[in-house]
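Data block below; observations after.
Just so you know, all these numbers are worked out from the coordinates, no wet-lab data involved. Just so you know, these numbers come straight off a predicted model, no measurement behind them. Here the Cβ is made from the backbone with ideal geometry for all residues, glycine too, and neighbour counts use every protein chain on show.
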Amino acid sequence: MKPGQRSYIPGVGYIQISTVDEVALPELTDDDARLDGFESATALRHEIEQLYPKELAAGYRAFRIRFNVLPPDVQREMKLAKKQAAASDR
């Protein structure tokens, strides 16, 4: 993922990536955690450690990805473009 890229998150809709930064897990803050739906950085780190134990042990890097949900009019445009692209592939 890179800044400016658009993507789709089920249940959220289309998003646009604003920043991608490498982050060491001990550097995650409570603000980072709250933005991701956790009460604290400790809870976020615990979840990451539970989900990715092999990757962390292998030295994989972690990244903080910030994004904005695109406005409703852009959501509609992107859905329409996806439908049109699917129809032209038939």
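Condition first: in a strand (DSSP E or B) and closer than 11 Å to ASN68 by Cα. Now tell me which residues in the stretch 9-44 satisfy that.
In the first step, residues of the stretch 9-44 are kept if they are in a strand (DSSP E or B); the result is 9, 13-23.
Within the stretch 9-44, GLY13, TYR14, ILE15, GLN16, ILE17, SER18, THR19 meet the criteria.
How many residues are part of a helix (DSSP H, G or I), out of contact with any helix residue (DSSP H, G or I) (no Cβ under 7 Å at 6 or more places or on another chain) and surrounded by 10 or more Cβ atoms within 10 Å (Cβ to Cβ) when one looks only at the stretch 52-82?
Looking only at that region, the number is 11.
State all residues of the stretch 28-82 that are polar (S, T, N, Q) and touching a residue at least 12 places away in the same chain (Cβ under 8 Å); if no residue qualifies, say none.
THR29, ASN68, GLN75
Tally time: how many residues in the stretch 1-16 are out of contact with any Ser or Thr (no Cβ under 6 Å at 6 or more places or on another chain), within 19 Å of PRO72 (Cβ to Cβ) and not polar (S, T, N, Q)?
The qualifying residues number 8.
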